[in-house]
Amino acid sequence: MAKMTTDEHAASIQAGYSFEGPAVNLGAALVDDQVFPAAQVRLPLRMMNRHGLVAGATGTGKTITLQLMAEQLSNQGVPVFVSDVKGDLTGLSTAGTASEKLTARTASVGMEWSAKSFPVEYYSLGGEGTGIPIRATISSFGPLLLSRIMELNETQESCLQLIFHYADTKDLELFDLKDLRAVIQHLTSDEGKAELEELGGVSKATAGVILRELVTLQAQGMDAFFGEPEFDTVELLRQSPDGRGVISALELPTLMQKPLLFSTFMIWLLADLFSELPEVGDAEKPKLVFFLDEAHLLFNGASKAFLTSITTTVRLIRSKGVGVFFVTQTPKDVPADVLGQLANRIQHALRAFTPDDAKALKSTISTFPTSQYDLEHALTQAGTGEAVVTVMNEKGAPTPVAWTRMWSPESTMGPSNEQTISEIVAASALMQVYGTSVDRESAFEKLSGGGAPTAGPATVSTGGSVAARVPAAGQTQAEIDAAARSIEESILGRPSSIPNSAPAPGADDYAMPEAPEATKSAPRRQTRPPAAPQKADNPLMDMALQAANLFGREMLRGMFGTKRRRR
């Protein structure tokens, strides 16, 4: 490759990142220690679903880059999901503060900076933290993902799948850990001994191992995550009343104590979204973008089956309009099969202090396109807030490698104060729906012969859930119904069946009846009535598309063992 002059190099970068459609601005090109504000480095919105990697050593600015991208996506109406490990991303709720240093930096990279706050919804796994509790039922989570959390071997995993099958055939609802424990205890008892033998392939010893692992999970407090009301992933697709995408931030205060729960939960979210969303191909902008911090936790100690499932999920979910960005320290943290699908690369500085570091640096350099830069120098000498970038352009080709001085977030770069977060959560649209756990009659009660449980005290809060159609404070029922109709049409691919004057089911969908019948079944809540059939322009083509979409959904459900969500 012929060596370019500084100006020619900057001009080639400017041309390579000039896109016709909307894009996320990352920063200005840096060539020969000179910043070129006219050479803006950008990432096309329509290519966000080609996934990406944000990598770099500790302290190089990965979290700030994540915050910057989340802000710009929100401004363009794209919902975002972020995992907040250190609590720094709570700053999205508070407008930034201008300073002389900040103003000088943003001006130098061609950014018109103004202080802004963003619509953020805070979540926590099972209520461990300040945010809205996210729960999943055992049956929805499925045997493969549960095996991952319990660190079962392949034989034990296959036995757990048979136990799930037994529970399904006997109408034993698995909502929480005590339900699954009750089923296994029944099978290993004298009363259930014959049924255990009928299952085949499940020995009493193996069932005992699984039972002990369940007890361990409960001792670690993980039973708070499993149960009802189950979180509906449609909540992640919302826009705020001003049209900006809602940023869903999952706080993880106990990540290092429960890394497997976090990583497996992320896959559950992606699998659930995949099964719900229709095929959209390459849309003008994504429906949702995930940023998975500490991405190495997804892959550490994962079985071959689990890694295959992750790879397949990442590959297929692109066509659903969902982008996934892995955030980690080095590209080697991500398996090669997954890394090969990440078209957008934002690489902050790497440190080469050890022989292993030097090897990782050479491996990283080999994954970039041919460049005018000395990439070894760029990747080791880039300052904080700088990154080496290459993305996929609108034609599906890689852009020129660009050493980039990044833009700055417009919200606070650091945590918001605790009072601000608490007020946001207390006034949340979703606390009324998901704030209080519910314990309906299920396998535990049926096998123990006890009466149906009762619900805990009601949580007093506002509405605003599109899944339950509960309006937030200051929001009318018509407005929340309009939002619910829009998302339902997006998911189902047909006109919504929710009428303009539809009554709102609200949190009562989750409340226990005063005197539930002993024989009552416990299906997943149905927040939307079935839509009326509509006449297709081309019945044969419509049937073929529906069949193909259904096949893809069922294939992924089969891989993870997750259960169909009723709509």
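Net charge of the neighbourhood of ALA95, taken over other residues with C-beta under 10 Å away and scored Lys/Arg +1, Asp/Glu -1, is 0. As a calculated quantity, the FRET efficiency between ALA426 and HIS165 at R0 = 56 Å, using C-beta atoms, amounts to about 0.85. Per residue, the stretch 1-154 exposes 35 Å² of accessible surface when a 1.4 Å probe is rolled over the protein heavy atoms with every protein chain present. Dividing the convex hull volume of the alpha carbon atoms of the stretch 150-237 by its residue count gives 118 Å³ per residue.
In this simple spin-label approximation, SER363 and GLN220 carry label points 7 Å from Cα along the Cα→Cβ vector, and these lie 2.6 nm apart.
Between ALA182, CYS159, ILE132, the Cα set farthest toward the positive side of the dipole of the stretch 102-202 (charges on each charged residue's Cβ, about the Cα centre) is that of ILE132. Distance between the 7 Å Cα→Cβ label points at LYS332 and GLN381: 2.4 nm. Taken along the Cα-to-beta-carbon direction at a fixed 7 Å, the label points for ALA115 and VAL209 span 5.9 nm. Averaging Cα coordinates gives a centre for the stretch 328-350 and one for the stretch 14-49; these two points are 20 Å apart. Using only the Cα atoms of the stretch 1-142, build the gyration tensor, take square roots of its eigenvalues as a ≥ b ≥ c, and label the shape rounded, prolate or oblate: rounded if a/c is under 1.5, else prolate if a/b is larger than b/c, else oblate. In terms of gyration-tensor shape, prolate.
Solvent-accessible surface of the stretch 308-359, taken per residue with a 1.4 Å probe and all protein chains present: 38 Å². Of the peptides 274-280, 427-433, the order by per-residue mean of other Cβ atoms within 10 Å, starting with the highest, comes out as 427-433, 274-280. What shape does the stretch 13-86 take by its C-alpha gyration tensor, where a ≥ b ≥ c are the square roots of the eigenvalues and a/c under 1.5 counts as rounded, a/b above b/c as prolate, and the rest as oblate? Oblate, since a/c reaches 1.5 and b/c is not below a/b. The lysine pair tally for the stretch 1-156, using Cα distances under 26 Å and a gap of 8 or more places or different chains, is 6. On the stretch 236-367, 54 percent of the accessible area sits on carbon and sulfur atoms, based on a 1.4 Å probe. Quick one: grab the alpha carbon gyration tensor of the stretch 285-328, order the square roots of its eigenvalues as a ≥ b ≥ c, and give me rounded if a/c is under 1.5, else prolate or oblate depending on whether a/b is larger than b/c. Here the stretch 285-328 falls in the oblate category.
Listed by chain and number, the lysines placed with their C-alpha closer than 27 angstrom to that of LYS204 are LYS170, LYS178, LYS193, LYS304, LYS446, LYS563; residues fewer than eight positions away on the same chain are left out. Restriction of the GluC sites (Glu not before Pro) in the stretch 1-83 to DSSP coil positions whose beta-carbon has at most 10 other beta-carbons within 10 angstrom yields GLU20. Structural descriptor for the stretch 1-78: relative contact order 27 percent, calculated from alpha carbon pairs under 8 angstrom and at least 6 residues apart.
The values are calculated or read from the model by the stated rules, or taken from the named source; none is laboratory data. Here the structure is a predicted model, which means the values were calculated and not measured. Neighbour counts run over all protein chains shown; Cβ positions are idealised from the backbone, glycine included. When the accessible area is computed, the model is the full protein with side chains, heavy atoms only, and any ligands, DNA or RNA have been set aside. Shrake-Rupley method; radii C 1.70, N 1.55, O 1.52, S 1.80 Å.
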